[in-house]
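Peer 1: First, the structure itself, so that you have it in front of you.
The values are calculated or read from the model by the stated rules, or taken from the named source; none is laboratory data. Note that the structure is predicted; figures quoted are calculated from it, not measured. Virtual Cβ from ideal backbone geometry, glycine too; neighbours counted across all protein chains shown. Only protein heavy atoms, including side chains, enter the accessible area calculation; ligands, DNA and RNA are left aside. Shrake-Rupley method; radii C 1.70, N 1.55, O 1.52, S 1.80 Å.
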Amino acid sequence: TREEIGVTEWRLSNGARVVIKPTDFKNDEILFGALSSGGTSLAVDETFRSAAQAASIISSSGLAGFSRAELDKVLAGRTVGMTPYISELTEGMEGSASRRDLETMFQLAHLYFTEPRRDEQAFRSFMRRLRTSIENRRAQPENVFFDRLRAVLAEGAERRQPLTLETLEEIDLDEAYGFYTERFADAGDFTFFLVGNMEPSLVRPLVERYLASLPSSGGGESWADPGIERPEGVVTERVEKGIEARSRVSFVFHGDYEWSREENHVLRSMATAVETRLREVIREDAGGTYGIGVWASPSRYPDEEYLVHITFGTDPERAEALSERVLSVIAEVRDEGLDSSYAQRVRTTQTEEFEKDIRTNGYWMNTMQGLYFHELDPSRILEYPELIDRIDAEVITEAARRYLDTDQYIEVVLYPEDGQQ
């Protein structure tokens, strides 16, 4: 038991770990999470497209002897849901239930491990929806733009390319089903999370019956490095799509990084402060944008690296001038720094958000999964106010100098197809 945060941990007979956080934030909500290392990084290139869609295919296929429509009928009137997922480095499940439907939630989780359904008809229907989605996506200029940005950021790596009508043909039901069952074959390397209005004594029999009984080989697995490389230097690209007189500009600054919870907070705080400054200059002074966003993504696996995204929409004839203005603001922040009012605003907002978030089940679920995945002490969830207190003007300026390197970024700009600027 980790008393300082009210968390109970159990190790099950099959090797799985269970983490329970009882709360009184919402009187009839219990969240479920399952997490394990692996993900699509373990798929070979030849079956990657099938692996990437595997969890979605299984989700749309029903469970055990029930088709999706039959399963929905059985669950009608109940407050319960469960969805498996497979991301690049992990696989798991996300679910929720009312107290009354708690056992049903456990039954669904158990069946997604032991009896995923292989359903030809559901697969054909899924593929039709996916085809329509690809066609619609290709018609949306901003989607084409973001797909291109993602590909440029990965130096054209095949695994980062958007699905096309051609690569859609590579998705095979047997490959997808096989990949899914492999990822969920060994429950022993999973950590299960339960957050919400419950007592450990209430869930213990359900955990013993539905989770401790899951198969385990004792082997365990981890993710593999998919080998994605970033481009060097400054890379600029132009995407022409659509006829509407709207442009979008995205900058992505990127580089090597020393991952830590403290540095992640500094990086994100810097992004927030720079966003505030850019909004003042670009939106209010220049009046030329439909809104500007800045956010940071620090990564520890498979490589320690950071990304800082800056994106805004504008009129095509102003895109170039506003891009230059963004870079000049970044240069100002790096050279002169931001005054202390920006750091103060960041701290105030973060404090308000934390005080609100710490009283929600979703925040505990997401933050605990992150801490356990990175093998950090879960009680560090309470250290967040200390991280906030360390943010000042100097910290933000130093972070901007470190992470907004104007010799190393990607810029992609969307223009209408007729080439008007």
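Peer 1: Quick check on Ala393: is it open to solvent by less than 20 Å² (accessible area, probe 1.4 Å) and either within 22 Å of the chain's Cα centre (by Cα) or of a type in the set (Gly, Ala, Ser) (or both)?
Peer 2: Criteria not met by Ala393.
Peer 1: Here's a follow-up. Could you check region 197-220 and list, in sequence order, the residues that are under 14 Å from Ala187 (Cα atoms) and in contact with a Ser or Thr (Cβ under 6 Å, 6 or more places away or on another chain)?
Peer 2: Ala212
Peer 1: Ok, one more. Report those strands (runs of 3 or more DSSP E) wholly inside region 226-299 carrying at least 3 residues which are modelled with pLDDT of 95 or more, open to solvent by 30 Å² or more (accessible area, probe 1.4 Å) and within 17 Å of Glu411 (Cβ to Cβ).
Peer 2: Fully inside region 226-299 and qualifying: 234-240.
Peer 1: Which count do you get for residues in region 187-225 that are in a loop (DSSP other than H, G, I, E, B), crowded, with 19+ Cβ neighbours inside 10 Å and touching a strand residue (DSSP E or B) at 6+ places or on another chain (Cβ under 6 Å)?
Peer 2: The total comes to 3.
Peer 1: Right, here's the next one. Working carefully through the options Ser41, Ser56, find the one that is hydroxyl-bearing (Ser, Thr, Tyr) and either more than 22 Å from Arg131 (Cα to Cα) or at pLDDT below 95 (or both). Walk me through it before giving the result.
Peer 2: Working: Ser56 fails: either more than 22 Å from Arg131 (Cα to Cα) or at pLDDT below 95 (or both).
Result: Ser41 is the single residue among Ser41, Ser56 that is hydroxyl-bearing (Ser, Thr, Tyr) and either more than 22 Å from Arg131 (Cα to Cα) or at pLDDT below 95 (or both).
Peer 1: Moving on to the next point. Of everything in region 309-350, what is over 22 Å from Ser269 (Cα atoms), acidic (Asp, Glu) and either assigned to a helix (DSSP H, G or I) or modelled with pLDDT of 95 or more (or both)? Give them in sequence order.
Peer 2: Within region 309-350, Glu317, Glu320, Glu324 qualify.
Peer 1: Can you give me the number of residues within region 25-50 that are open to solvent by less than 10 Å² (accessible area, probe 1.4 Å), within 20 Å of Thr114 (Cβ to Cβ) and either part of a strand (DSSP E or B) or out of contact with any Asp or Glu (no Cβ under 7 Å at 6 or more places or on another chain) (or both)?
Peer 2: Of the residues in that region, 4 qualify.
Peer 1: Residues that are of a type outside the set (Phe, Trp, Tyr) and over 30 Å from Gly362 (Cβ atoms): find the helices (runs of 4 or more DSSP H) completely inside region 97-169 holding 2 or more of those.
Peer 2: 120-139, 141-153
Peer 1: Next up: Give region 70-110 a look and list any residue that's among the hydrophobic types (A, V, I, L, M, F, W, C) and surrounded by fewer than 19 Cβ atoms within 10 Å (Cβ to Cβ), or say none.
Peer 2: Scanning region 70-110 gives Leu71, Val74, Leu75, Ala76.
Peer 1: Which of the residues spanning region 387-401 are under 10 Å from Leu338 (Cα atoms) and either touching a Pro at 6+ places or on another chain (Cβ under 6 Å) or not in a helix (DSSP H, G or I) (or both)?
Peer 2: Of everything in region 387-401, just one residue is under 10 Å from Leu338 (Cα atoms) and either touching a Pro at 6+ places or on another chain (Cβ under 6 Å) or not in a helix (DSSP H, G or I) (or both), namely Asp392.
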